[in-house]
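Remarks on the structure that follows.
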Amino acid sequence: MDIVKIIGIGFIALIIIVIIKQYKPEFAMYVSIIAGTIIIFLSLDKIIGIINLLKNLSNKTGINAEFLVVLLKITGIAILTEFAVTICKDSGENAIASKIDFGGKIIVISMSIPIISALLEVILKIMP
């Protein structure tokens, strides 16, 4: 029932933000960042479980562990980028949000190059 905790924190943060915006709108962003951080920490157990499962599958199947590390880093970058973009959009800074989004996409693409090249090598070995 972790989702109930996450939704509860989200709703509590939303109510606090609505109240704070009436008196001190500059503090609303801080509440949003704190709530997002708490939600991320609540999700860490599930993330660690997923990582352990992927490691076990990697060991059983013989998949290169470097690829698993790269995939986990790419996933982390995507999650953090989305978190930062959402905070910027909530603050009304759409231009900065789009730049962060663009930068995150470029980093994800650049990190995926080794996996793409290894996949192409396998395809070339299979083809006559």
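Once neighbouring chains are kept in place and the probe is 1.4 Å, which whole percent of the accessible area of the chain is contributed by carbon and sulfur?
For the chain, the apolar C and S fraction of the accessible surface comes to 74 percent.
Which helices pass in the chain if a helix is a full DSSP H run, must span at least 20 angstrom along its long axis by Cα, and must have mean Kyte-Doolittle hydropathy not below 1.6?
Long hydrophobic helices here: 2-23.
From the residues Ile100, Asn56, Tyr23, which one has its Cα farthest along the dipole of the chain in the positive direction, the dipole being from +1 and -1 charges on Cβ of Lys/Arg and Asp/Glu about the Cα centre?
It is Asn56.
Work out, step by step, the length gained on full extension between Tyr30 and Ile47: first 0.36 nm times the residue separation, then minus their alpha carbon distance; give nm to one decimal.
Numbers: separation 17, 0.36 × 17 = 6.12 nm, distance 2.47 nm.
Gain on stretching Tyr30 to Ile47: 3.6 nm.
I'd like the accessible area for Phe41, computed on protein heavy atoms only with a 1.4 Å probe and all protein chains in place. Round to 10 Å², please.
Probe radius 1.4 Å; accessible area of Phe41 about 130 Å².
For a label point 7 angstrom out from the Cα of Ser91 toward its Cβ, which stretches of segment 29-45 have the backbone nitrogen within less than 16 Å?
What the label zone holds, given the 16 Å backbone N cut-off, is 29-37.
For the chain, what is the convex hull volume of its Cα atoms per residue in Å³?
Taking only Cα atoms, the chain has a hull volume of 119 Å³ per residue.
I'd like the FRET efficiency for Ile38 and Ile123, computed as 1/(1 + (r/R0)^6) with the beta carbon distance as r and R0 of 25 Å, rounded to 0.05.
Computed FRET efficiency for Ile38 and Ile123 comes out at 0.05.
For segment 1-100, which GluC sites (Glu not before Pro) are in a loop by DSSP, counting at most 15 other Cβ atoms within 10 Å?
Passing sites in segment 1-100 are Glu93.
Just to verify a number: FRET efficiency for Lys21 and Lys99, C-beta to C-beta distance, R0 = 22 Å, to 0.05?
According to the calculation, E is roughly 0.30.
Once each part is reduced to its C-alpha centroid, what is the distance from segment 96-117 to segment 1-51 in angstrom?
26
Would you mind classifying segment 1-47 by shape? Square roots of the alpha carbon gyration tensor eigenvalues, ordered a ≥ b ≥ c; an a/c under 1.5 is rounded, otherwise it is prolate if a/b is larger than b/c and oblate if not.
Judged from the Cα gyration tensor, segment 1-47 comes out oblate (a/c at least 1.5, b/c at or above a/b).
For the chain, give the magnitude of the charge dipole about the Cα centre (Cβ charges: +1 Lys/Arg, -1 Asp/Glu; no others), in debye to the nearest 20. List each step's numbers first, then the result.
Working: 11 positive and 9 negative charges, 28 e Å.
Value, rounded to 20: 140 debye.
Could you work out [θ]222 nm for the chain from helices alone, using -39500 (n - 2.57) per DSSP H run of at least four and dividing by all its residues? Round to the nearest 500 deg cm²/dmol.
Rounded to the nearest 500, the figure is -32500 deg cm²/dmol.
The values are calculated or read from the model by the stated rules, or taken from the named source; none is laboratory data. Predicted model, so just to flag it, every value in this text is computed and none were measured. Counting neighbours? That spans all protein chains shown, and the Cβs are built from the backbone with ideal geometry, glycine included. Remember, those area values only see protein heavy atoms, side chains included, never the ligands or the DNA or RNA. Shrake-Rupley method; radii C 1.70, N 1.55, O 1.52, S 1.80 Å.
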